Amino acid sequence: MLRILLGGDALDGLVIDEIAASVRVVIAWPGEVFVLPEWNGNEFLLADGRRPALRTFTPVVLVDNTITLDIVRHPGGAISDWAETAQPGDPAAISGPGRGETIDPNANRYVLLGDETAMPAIRQLIEAIPASIDIEVHLETETADAALPLPDRATTHWHVADPGGTPGSTLLAALRTIEIGDNDCVWAAGEAAAVQALRKHLFNERGIDRSRATVRGYWKVPRPTETD
């Protein structure tokens, strides 16, 4: 993970008051001058019709017009590559916030699952869930040393991804072993195909009430013809 701070007077008035809400970060494509894209009612586009270099993140914190982001390092990622060499004064833009999460104060337990991209959201969920509710966390990382400290009140299990395997496979294996009660809640986020497998297991195979589970796709493995 790489921590980066984006700040400036332009963030004055931005409020993020929901748990695990999101923002979109826009930068210039490599070799291009930064310009603000325009919203066409459905998406942001550059003047020539192209999509900007834009990715969605869960902010760590927003304080005094400075937003802190934790970005997963991965060569070839538009924002990740930019963040590795960004210097004070380099331009970027923030859009948001996007939707956040709500906590069921009457739940018996929360089961939280995700990969590195879900760590900022999971940390916020742990901090927001009432102390009377048990929390079980399962996180998949690319390597064992990628584990980061989380609040102690959650029982956290770290899983190292299978080299060359399918993202999220260790999370699905862990979920299959977890007993989920009628009053338990499940929250999961990560690679799109991986969380789709979690969703299928929860809803189709187990018959979990859809109101008890939130499953979000945060990113996709690029197809051979796609670029990041």
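Quick one: HIS74 ticks every box in (1) touching a strand residue (DSSP E or B) at 6+ places or on another chain (Cβ under 9 Å); (2) part of a loop (DSSP other than H, G, I, E, B); (3) of a type outside the set (Gly, Ala, Ser); (4) surrounded by 10 or more Cβ atoms within 10 Å (Cβ to Cβ) except a single one, so which number is it? Just one mismatch for HIS74, condition (1).
Looking at GLU101, is it charged (D, E, K, R) and exposed (fewer than 14 other Cβ atoms within 10 Å of the Cβ)? Explain how you work it out, then say what you get.
Values: charged (D, E, K, R): yes; exposed (fewer than 14 other Cβ atoms within 10 Å of the Cβ): no.
It is false that GLU101 is charged (D, E, K, R) and exposed (fewer than 14 other Cβ atoms within 10 Å of the Cβ).
For (1) in the same structural domain as TRP82 (by TED's automatic domain parsing); (2) more than 24 Å from the chain's Cα centre (by Cα); (3) among the β-branched types (Val, Ile, Thr); (4) surrounded by 11 or more Cβ atoms within 10 Å (Cβ to Cβ), each residue gets a yes or a no:
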{"residue": "LEU14", "(1), (2), (3), (4)": "yes, no, no, yes"}
{"residue": "ASP17", "(1), (2), (3), (4)": "yes, no, no, no"}
{"residue": "ALA21", "(1), (2), (3), (4)": "yes, no, no, yes"}
{"residue": "ALA28", "(1), (2), (3), (4)": "yes, no, no, yes"}
{"residue": "GLY31", "(1), (2), (3), (4)": "yes, yes, no, no"}
{"residue": "GLU43", "(1), (2), (3), (4)": "yes, no, no, yes"}
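Apart from one condition, ILE126 fits all of (1) outside any strand (DSSP E or B); (2) in contact with a helix residue (DSSP H, G or I) (Cβ under 6 Å, 6 or more places away or on another chain); (3) of a type in the set (A, V, I, L, M, F, W, C); the exception is (2).
Residues in region 88-109 that are acidic (Asp, Glu), part of a loop (DSSP other than H, G, I, E, B) and over 22 Å from ILE4 (Cα atoms): ASP104 alone.
For residues in region 83-106 being in contact with a Phe, Trp or Tyr (Cβ under 9 Å, 6 or more places away or on another chain) and not aliphatic (A, V, I, L, M), which is farthest from ASN65 (Cα to Cα)?
As a first pass, look at region 83-106 and keep what is in contact with a Phe, Trp or Tyr (Cβ under 9 Å, 6 or more places away or on another chain): 90-93, 95, 101, 103-104.
Imposing the further condition that a residue be not aliphatic (A, V, I, L, M) reduces the set to 90-91, 95, 101, 104.
Working: ASP90: 16, PRO91: 15, SER95: 14, GLU101: 23, ASP104: 30 Å.
Residue satisfying both the conditions and the ranking: ASP104.
Selection of region 86-133 for residues being in the same structural domain as LEU69 (by TED's automatic domain parsing) and among the acidic types (Asp, Glu) yields only ASP90.
For region 193-207, check the following and say yes or no: at least one residue is on the phi < 0 side of the Ramachandran plot, touching a Pro at 6+ places or on another chain (Cβ under 7 Å) and either without any contact (Cβ under 8 Å) to a residue 24 or more places away in the chain or crowded, with 21+ Cβ neighbours inside 10 Å (or both). Talk me through it step by step, then tell me what you get.
Within region 193-207, the first condition is being on the phi < 0 side of the Ramachandran plot, and the residues that meet it are 193-206.
Subsequent filtering for residues that are touching a Pro at 6+ places or on another chain (Cβ under 7 Å) retains 194.
Next, only the ones that are either without any contact (Cβ under 8 Å) to a residue 24 or more places away in the chain or crowded, with 21+ Cβ neighbours inside 10 Å (or both) stay: 194.
For region 193-207, residues on the phi < 0 side of the Ramachandran plot, touching a Pro at 6+ places or on another chain (Cβ under 7 Å) and either without any contact (Cβ under 8 Å) to a residue 24 or more places away in the chain or crowded, with 21+ Cβ neighbours inside 10 Å (or both): present.
Just to be sure before I move on: is PRO163 within 21 Å of ARG55 (Cα to Cα) and exposed (fewer than 15 other Cβ atoms within 10 Å of the Cβ) in the structure I sent? Criteria not met by PRO163.
Within region 135-160, the set of residues being more than 22 Å from GLN124 (Cβ to Cβ), aliphatic (A, V, I, L, M) and at pLDDT below 95 comprises just one member, ALA144.
The values are calculated or read from the model by the stated rules, or taken from the named source; none is laboratory data. Everything numeric in this text was worked out from a predicted model, so none of it was measured. Neighbour counts are summed over all protein chains in view; Cβ atoms, including those assigned to glycine, are modelled from backbone coordinates with ideal geometry.
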